Amino acid sequence: MKYILAISILLCIGCKAQPRQDTTLDATPTATQTTADIVITGDAQTNAYYPHLMGHRVAVFANHTALLPDGQHLIDRLLQDSIHVTAVFSPEHGFRGTADAGEHVSSNIDEQTGLPILSLYDGGNNRPSASSMAKFDILLVDIQDVGLRYYTYYITMCRLIQACADHQKAVIILDRPNPNGHLVDGPILDMKHKSGVGLLPIPILHGMTLGELAQMALGKGWLTTKYPCNLRVIPCLNYTHQTEWIIQVPPSPNLPNMTAVYLYPSLCYFEATPVSVGRGTDLPFQIYGHPNMKHRTYSFVPESRPGAKTPPLQGKVCQGVNLTSLDHETLRTKGIDLSYLIDAYNDLNQGDKFFTSFFEKLIGVDWVRHMIEQGKSAEEIQNRWQSDVQQFKQDRKPYLLYEE
């Protein structure tokens, strides 16, 4: 049964930065930059959410990316300030962000804090158990997302939100900018392809922060809950969807830099093909190749390493393409470019055997594979999903917290 969403949103008056005593910034304004130009993430605004935590048991959904502007981890700050933290929920890649994609991550105890780390990723993004939900009263969410439908952090967040609503626990999202927040691109997920890498009927690049996406998921009734969700979002200050956001630390092992973050929307589909996307090299999601690709001037050899223990084509010399020479401004505005996928598809000449069934889970629809096999160009394919993009932009407007 679906219920009307109950949401509280804390907004700064006039949406202008008011520097707080408890807000530290790791950047010094230049001659042309003032404090009001610096994005202040939700977690840095402790005056906005600490009062809601006092006297309650607090769980945190976070990983290594939950850093305050001064580099201190949120959990360390909470404990330092005598907030009663009782548990930590961790997503894919684990609390420390070092596990392979899809790797089973066990629950354990954090050696530094002694807190129980409750893994929500065992390869299937399971919802938390009743015993886990009994450990806290309020859930804090602070995690760096990259704004793609198949990046699993938002899926874990949504399942936690559902569990919190069902168990009548409050949720506070400490919002963070989306490094791809200026883009909406790709087809809307056909829900027959709903999976662990696609939960909501949204485009591949949705252009929303986690706070905005949570509001939309609840407001549209996409998350069925027993009771209304008591959700509060602490928005970022000085952020719009056009703000360039450089993430502090790699959000996962194979997105080591902004080049990889910007190319991820175009290269992830190789995960459903025989082609390596650079896992097991120094340039994951910045290169692609295969031993049988022809007439290439670049080669690489995937090897076992942390975050890619058994990479595809391990130990084999792959002939391919290095995309690291592309400048950030070009990559940042590119959106989804299927020309790389089409290049490898035509080169290997394997026909439909080039794709596994995982491709539809990533791309979200049946027709993209068919268009590639029919010889359509990346531009023709992108043009077909533009109606999805425009419809989604309209549908999301009531849930946006920041200027487009």
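Residue count for region 302-313 under the criterion of being crowded, with 16+ Cβ neighbours inside 10 Å, farther than 16 Å from ALA344 by Cα and at pLDDT 95 or above: the result is 2. State whether the residues of region 250-262 include one that is assigned to a strand (DSSP E or B) and either free of Cβ contacts under 8 Å to residues at least 24 places away in the same chain or in contact with a Lys or Arg (Cβ under 9 Å, 6 or more places away or on another chain) (or both). Within region 250-262 (the criterion being assigned to a strand (DSSP E or B) and either free of Cβ contacts under 8 Å to residues at least 24 places away in the same chain or in contact with a Lys or Arg (Cβ under 9 Å, 6 or more places away or on another chain) (or both)), the answer is no, since none of the residues qualifies.
Within region 138-191, the residues that satisfy the criterion of being more than 12 Å from PHE61 (Cβ to Cβ), over 10 Å from the mean Cα position of the chain (by Cα) and assigned to a strand (DSSP E or B) are ALA170, ASP185.
Only one of TYR288, TYR239, TYR262 is in contact with a Pro (Cβ under 6 Å, 6 or more places away or on another chain) and crowded, with 16+ Cβ neighbours inside 10 Å. Can you tell me which?
The unique qualifying residue is TYR239.
Does ASP395 fit the bill of being under 22 Å from ILE155 (Cα atoms) and surrounded by fewer than 17 Cβ atoms within 10 Å (Cβ to Cβ)? Yes: the conditions hold for ASP395.
Please determine whether any residue of region 229-246 is outside any loop (DSSP other than H, G, I, E, B) and farther than 22 Å from GLN162 by Cβ. Yes, because at least one residue in region 229-246 is outside any loop (DSSP other than H, G, I, E, B) and farther than 22 Å from GLN162 by Cβ. Just one of the numbered conditions (1) more than 13 Å from VAL88 (Cα to Cα); (2) buried (at least 21 other Cβ atoms within 10 Å of the Cβ) is not true of HIS167: (2). Against the conditions (1) at pLDDT 95 or above; (2) surrounded by fewer than 19 Cβ atoms within 10 Å (Cβ to Cβ); (3) more than 19 Å from ALA66 (Cα to Cα), PRO187 satisfies every one except (2).
Of the listed requirements (1) under 19 Å from ALA214 (Cβ atoms); (2) modelled with pLDDT of 95 or more; (3) buried (at least 18 other Cβ atoms within 10 Å of the Cβ), ARG77 misses just one: (1).
Residues in region 322-338 that are touching a residue at least 12 places away in the same chain (Cβ under 8 Å), within 25 Å of ARG384 (Cβ to Cβ) and outside any loop (DSSP other than H, G, I, E, B): LEU331, ARG332. Screening the candidates LYS294, LYS353 for the property of being under 30 Å from LYS192 (Cα atoms), surrounded by fewer than 17 Cβ atoms within 10 Å (Cβ to Cβ), free of Cβ contacts under 8 Å to residues at least 60 places away in the same chain and basic (Lys, Arg) yields one hit, LYS353.
If you go through region 128-162 and pick out every residue that is of a type in the set (Gly, Ala, Ser) and buried (at least 22 other Cβ atoms within 10 Å of the Cβ), you end up with 1. Among the criteria (1) part of a helix (DSSP H, G or I); (2) under 18 Å from LEU183 (Cβ atoms), the one TYR402 does not fulfil is (1). In region 230-285, the qualifying residues are those that are closer than 18 Å to LEU205 by Cβ and polar (S, T, N, Q), and the one that is modelled with the lowest pLDDT is SER252.
The values are calculated or read from the model by the stated rules, or taken from the named source; none is laboratory data. The structure displayed is predicted, hence computed values, not measured ones. We place every Cβ from the backbone using ideal geometry, glycine too, and count neighbours over all the protein chains shown.
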